[in-house]
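**Student:** Structure provided below as structure tokens; questions to follow.
Only the coordinates and a few stated rules stand behind these numbers; no lab work does. Only a predicted model underlies this, so the values are computations on that prediction, with no experimental measurement involved. Cβ: placed from backbone, ideal geometry, glycine included. Neighbour counts: every protein chain shown.
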């Protein structure tokens, strides 16, 4: 039962006891005294009937919620496909953070059987190996992932809330409720993403006045939405609208303390300044990284707005090549050039079906949040949202076979190669523009191995939407194709840094992305890839700060 129902129950008991105590005299001596007892009983019946009705309503609510969850569990199908849908991922996390508490735990834990029920539930959860419920931080992470998808792929808020994507053949077949939209808008207000926050809050208002949600999600009130919508418009510089919405809060609740304080603030600000234009305000809200040319190019490349010209594509070719390996004369590599300078190439069907599955099987249950940086200074950040596990070829015959194949293809030595880096990107997973080489030439971190010369990415699955590897300065995005390999050089022939090799992982819009990265260092390549006779130091150095 709900807290207010429990309080009603307690009030009824206390009130009835007080009434009985207040009756004076012997009850058998006068009918008038008995009439008072009947009045007390009538009142008790009225209170208990209301209590029982409320308790029955709460039980019906819990049953409807449990039936809904059971239906979702029954219809989920393949888990990777299910959670490849970003709205399914967000709703599942939000349901475990909020909806179970609202619909089940709060009503049940307020009963007199609280300790018994809690112990039983705890024992059941302990039996689920490794179970750890999602936290508020997980929910915030899911919301930020939706924001990345919106920004990168310019998804309209109203369409995303309905599960509608710009591509007709790829729809999400699920929509968000008013309370879902409110949760997104509220969190975006906290990180000062006021433009998107206001859109989500307005969408919550629209859905609230549309088709009723039922009892699956917590109810959202007009005042709760306005409490965040008004500051959001203030953050956008629209003081007049913020002031108007704040007054609407006071229409609903004249004694609303925060709204009263804001009313004074807004009226004071409106007297001193004019409202700034929305376009100018959006520009002011851009972070430093978003103002960078490479970041803007990266987003345009991910959206498919920026591509190589026909002139740039004219000299590229596809062919079968044994790369100087006798074995591959009868099993050649299927090569496709993507860029000649710097050299970027794509190899089709580099891995078999069983090999792509082997990589994923080796990582299951061992993946950890990806970090940036080296050693003790490494840290998790929204710049890179994925999970990683390292695999050593020397410990696995299948991996050793793939490493040998990579040596045959590249002509490089694996003597200074890093372990395989298995990576999985989920909801909105991305890696913002970055370089693979080290700023200090690598010798400070990797010793004799030196800097990262060469990067290769094995794609272990197909991705429904998004998830491409983007090269902002090359106007190139490579879509993930299962079993294929993407390669490029991070350094010039003279081993100086090539700043054109800046790259990024576009956010996964739909599906899940599995890749495996292998990087060869300069050490051990002296006779495999000799240095050029001319220095490339300083080439394209103007790209560093872009």
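**Student:** Based on the inverse mean of 1/r over its pairs of different Cα atoms, what is the Kirkwood hydrodynamic radius of segment 310-543, in Å?
**Tutor:** 18.3
**Student:** Can you figure out the FRET efficiency of residue 494 with residue 74, using R₀ = 41 Å and their beta-carbon distance, to the nearest 0.05?
**Tutor:** 0.10
**Student:** Determine, at each q value in 0.17, 0.19, 0.22, 0.30 (inverse angstroms), the log₁₀ of I(q)/I(0) that the Debye formula gives when each Cα of segment 133-188 is one equal point scatterer.
**Tutor:** Log10 I(q)/I(0), no solvent term: -0.57, -0.70, -0.91, -1.31.
**Student:** Length gain on complete extension for the stretch residue 397 to residue 534, per 0.36 nm per residue less the alpha carbon to alpha carbon distance?
**Tutor:** 45.2 nm
**Student:** Can you list the residues of segment 457-481 with backbone N under 20 Å from a point 7 Å past the Cα of residue 367, pointing along Cα to Cβ?
**Tutor:** Label zone hits: 457-470, 479-481.
**Student:** Return the FRET efficiency for the residue pair residue 329, residue 190: r is the Cβ-Cβ distance, R0 is 56 Å, and the value is rounded to the nearest 0.05.
**Tutor:** 0.40
**Student:** Separation between the residue 221 and residue 83 pseudo-spin-labels, each 7 Å from Cα along Cα→Cβ, expressed in nm?
**Tutor:** Output for this residue pair reads 3.7 nm.
**Student:** Roughly how many nanometres apart are two label points built 7 Å out from the Cα toward the Cβ at residue 374 and residue 257?
**Tutor:** Modelled inter-label distance: 5.3 nm.
**Student:** Sticking with this structure for a sec: Tell me whether segment 327-430 comes out rounded, prolate or oblate; compute the Cα gyration tensor, take square roots of the eigenvalues as a ≥ b ≥ c, and use a/c under 1.5 as the rounded threshold.
**Tutor:** Prolate is the answer for segment 327-430, as a/c is 1.5 or above and a/b outweighs b/c.
**Student:** When a/c is below 1.5 the answer is rounded, else prolate if a/b is larger than b/c, else oblate, so apply that to segment 360-497 with a ≥ b ≥ c taken from the square roots of the Cα gyration tensor eigenvalues.
**Tutor:** The shape class here is rounded.
**Student:** Once label points are set 7 Å from the Cα along Cα→Cβ at both residue 173 and residue 353, what is their separation, rounded to one decimal in nm?
**Tutor:** Between residue 173 and residue 353, the simple spin-label model gives 2.3 nm.
**Student:** Compute the Cα gyration tensor for segment 426-523, then decide on rounded, prolate or oblate, letting a ≥ b ≥ c be the square roots of its eigenvalues: rounded whenever a/c is under 1.5, prolate when a/b is larger than b/c in the other cases, and oblate in all that remain.
**Tutor:** Taking the square roots of the gyration eigenvalues as a ≥ b ≥ c, segment 426-523 is prolate.
**Student:** For each of 392, 488, count neighbouring Cβ atoms within 10 Å of the residue's Cβ, then give the residues from fewest to most.
**Tutor:** So the residues, fewest neighbours to most, are 392, 488.
**Student:** Extension gain residue 268-residue 53, at 0.36 nm per residue separation less the Cα-Cα distance, in nm?
**Tutor:** That pair, residue 268 and residue 53, stretches by 72.4 nm at full extension.
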